[in-house]
Amino acid sequence: MNMKKMGKLVLSALSVLGLAACAVGSADQAEEVLGESQDALVTCNGTVVGGFFGSDTLKDAITAAIATWGGGNLTYLGTGSGNGEKCLEGSGPVTCGGVTYCNGTKDQAIAPMSRDFDGTCQTGEKSNRIGLDAIAIWSDKAADQSATGATSTAVADAFCGTGLDVNGKRNGTGCTVDTWTEFTSGSTNPSADLVRYRRDDASGTTEVFKEKNNCSAFCPAPALPSVRTGGVNIVVEDLVAGPRLSTDAAGTSSLVANPPTANAPCLQTDSATVCIGKLAGASANVIGYAGLGAKIASGTYENKALVIDGVAPTEANIRALITSPSTAYKYARFLYLNEGNGTLDAFEEDFRDWALGRAPGGNSTTARQFEDKLFQNGFIRCKDPLAPGYAPLACGPGKC
């Protein structure tokens, strides 16, 4: 490591210690420290230091990649691509451990995201595509309630309603798809209530889902966490309680129980993505949308992804997004490790270089290690390693 980076790492360690000491103070104190040193990153609950926000879908993969990199003090918090982008741009508040970050300060300079930047690219921002994913519509594998006739129109009807706004987008009205017979053909229990779960509005998965289904708003959520039919339940990240419903009080969760139950199958350590996968695998009547990281391959909560418009979310059908978009699985998408234009923390810089294969801290071997971690967590490589001309992370350019 060169002397410049060594100095930055020492500064980063001192900044983290200083911020940890202030964590029990006011939000203004924390923001003041972050404003003085971009090397501080996030201190959450007085214990998580070196924290940064981004896609919840990528939480397990990025955590595994950080462990493989092993180069410093970084903790991936997830909580949603929208929060990651806010912290890249300093464009809005993100709360962690009772402290507000990113409201007018660029508190991180890289963010894993399950979508590209929103809106116009700012000078210095860079979209780095790192792989492929798909938004799957998950259901219970054992019960096989999903039947055979699921369509993207039915999915949009179930989550966003049939009413349209002035721009012709589904606006969360006309929400009459409440039973399985109204959702799809061939159901094993057509009169059963359809129980729906979605990610919250900070999620890049939600933004992509809305775009691909021509939605501006969702059908309303049920008013109480004890009643989950008749609306679309919202699963949010809570860094204290774990995944919870939007109707649960902050710091509490009706989705987490010890021991787990069908209504509360999730662990405090689960991401919202994994929790939706478990909810789908715990009940014959549930559907929920989430990334491929929601796959539960065995055990009590084994789930399966619905075939939509006759196309399954297989590796080939997802990779077709690059070669033949018109034939690809409806909800295929790219994944990103995006860069903002703020000052890089020393550990952020080293991790970015390792992950993207940039000198001086990375190369094609480290980029392959990063891609392997994504693949091991259920995501799709943009190019098959056995194909001619393979290179890791060969996904083409993003918008910025």
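Observations on the model:
- Verdict on Arg228 being among the charged types (D, E, K, R), modelled with pLDDT of 95 or more and either open to solvent by less than 10 Å² (accessible area, probe 1.4 Å) or closer than 18 Å to Ser203 by Cα (or both): no
- Candidate set from segment 49-78 (those that are in contact with a Leu (Cβ under 7 Å, 6 or more places away or on another chain) and of a type outside the set (A, V, I, L, M)); member that is surrounded by the most Cβ atoms within 10 Å (Cβ to Cβ): Phe53
- Qualifying residue in segment 87-98 (condition: assigned to a loop (DSSP other than H, G, I, E, B) and buried (at least 24 other Cβ atoms within 10 Å of the Cβ)): no
- Residue ID - farthest from Val227 (Cα to Cα), chosen from residues in segment 258-281 that are open to solvent by less than 30 Å² (accessible area, probe 1.4 Å) and among the hydrophobic types (A, V, I, L, M, F, W, C): Val274
- Residues in segment 283-294 that are assigned to a loop (DSSP other than H, G, I, E, B) and either modelled with pLDDT under 95 or touching a Cys at 6+ places or on another chain (Cβ under 6 Å) (or both): Ser283, Ala284, Asn285.
- Qualifying residue in segment 121-139 (condition: free of Cβ contacts under 8 Å to residues at least 60 places away in the same chain, surrounded by fewer than 21 Cβ atoms within 10 Å (Cβ to Cβ), more than 17 Å from the chain's Cα centre (by Cα) and more than 30 Å from Ala241 (Cα to Cα)): no
- Top-ranked residue in segment 100-120 [being among the small types (Gly, Ala, Ser) and surrounded by 17 or more Cβ atoms within 10 Å (Cβ to Cβ); ranked as farthest from the chain's Cα centre (by Cα)]: Ala109
- Assessment of segment 307-316 against the conditions (open to solvent by 60 Å² or more (accessible area, probe 1.4 Å), among the hydrophobic types (A, V, I, L, M, F, W, C) and touching a residue at least 24 places away in the same chain (Cβ under 8 Å)) yields at least one matching residue.
- Segment 342-392, residues that are within 19 Å of Thr314 (Cα to Cα) and among the hydrophobic types (A, V, I, L, M, F, W, C): Leu374, Phe375, Phe379, Ile380, Cys382, Leu386, Ala387
- Answer from Gly340, Gly293 - the residue that is closer than 30 Å to Thr184 by Cβ, surrounded by 21 or more Cβ atoms within 10 Å (Cβ to Cβ) and touching an Asp or Glu at 6+ places or on another chain (Cβ under 8 Å): Gly293
The values are calculated or read from the model by the stated rules, or taken from the named source; none is laboratory data. Quantities reported herein were computed from a predicted structural model and do not represent experimental measurements. Quick reminder, even Gly has a Cβ in these numbers, built from the backbone with ideal geometry, and neighbours come from all protein chains shown. SASA here: full protein model, heavy atoms, side chains in, ligands and nucleic acids out. Shrake-Rupley method; radii C 1.70, N 1.55, O 1.52, S 1.80 Å.
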